[in-house]
1. Dividing the Cα convex hull volume of region 178-330 by residue count, how many Å³ per residue is that?
2. Taking the radius of gyration and the Kirkwood hydrodynamic radius from Cα positions alone, what is the Rg/Rh ratio for region 295-370, to two decimal places?
3. Quick one: divide the alpha-carbon radius of gyration of region 109-180 by 2.2 N^0.38 Å and tell me what you get.
4. Most exposed first by the Cβ proxy, i.e. fewest other Cβ within 10 Å, how do 223, 314 rank?
5. Please give, to one decimal in nm, the separation of the simple spin-label points placed at residue 308 and residue 294, each 7 Å out from Cα toward the Cβ.
6. Residues in region 175-219 near a label at residue 98, defined as backbone nitrogen under 19 Å from the 7 Å Cα→Cβ point?
7. In whole Å, how far is the Cα centre of region 345-385 from that of region 193-220?
8. Give me Rg/Rg_expected for region 84-232, where Rg uses Cα atoms only and Rg_expected = 2.2 N^0.38 Å with N residues.
């Protein structure tokens, strides 16, 4: 490809990414000229149609297979977490609490690997869906943050607060569904981060596990146990549904996503590439932005209680791996190797970030620049294939 041609391709690609132009490509492909005369014989498929079929075989199958595998792996991790929670509730000890905490960290890591897939339009629509009459969407049931811990249980300065002590409310699925985000998006009852709070609201394992030991004179203990039990079961249920939606041939996300194959012949509107770029913009660079109205950084909202930043960033960096190593997206092996090196360099920067520091602007800026460099190289290398 000539230098001028490469520049033109990159400009087209950048334009399509900025507009997330899935629908625009259909407009570009619609003809404004007079229709050609009808042929008396069956026309031979055009080269563009042949290229589209080749692209579908090369791009759709491997990446859809990877999506199914990733979501199934997340389901297995969530199921393991749920079992760990139930074991801890049955026998609350510092040891069983630490095992449940480790299960949470592993499940949360795997959930971060799904974030790139969730940029696809079919997945976005699934996660934004609200059940009739519900104030919340599906995304809020999985990995939404931040939350108000005092809405669930007592916190320093607010003793005997939250659902645990609201004895006028039953701790059952119907009540918890009504209370989830009923008045504010921070009023989270279900999902990973309410469970994180329930496991780490007191960091000391001995102190925290003791809060789940049944005592005749402390009714809050039984309510706390039931709350955590139902939270684990609901998370497993919601993840089961999300995973099934990706699974071919009948999954709802898979069914809606199959139409993507029509786009992949138009390389500057490739939906997989757009999802990857959107992931970097929203889930990497976006997570490095300051919190709204308070000190700290947005990624810290996802580890407010566990205070483990490394697992969070390892998961998000691993999310890109199936895309950057896919030959149908990046045909040259040297290109894939170069992108891998940039990803690993960025991962090293991100995993070194503090879970609590509020004044590390310089290190944040270094990581952000590395993320933007990776983004730029992805676009250039894809256009230069």
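Values in this text are rule-based calculations from the coordinates and carry no lab data. Given the structure is predicted, the values throughout are model-derived calculations rather than measurements. Virtual Cβ from ideal backbone geometry, glycine too; neighbours counted across all protein chains shown.
1. Spelled out: Cα convex hull of region 178-330, divided by residues, is 182 Å³.
2. Over the Cα atoms of region 295-370, Rg/Rh equals 1.06.
3. Compactness ratio reported: 1.39.
4. Ranking 223, 314 by Cβ neighbours within 10 Å, fewest first, gives 314, 223.
5. About 2.3 nm separates the two model spin labels.
6. In region 175-219, the label zone of residue 98 (backbone N under 19 Å from the point 7 Å along Cα→Cβ) covers 199-213.
7. Region 345-385 and region 193-220 have Cα centres spaced 37 Å from each other.
8. 1.07
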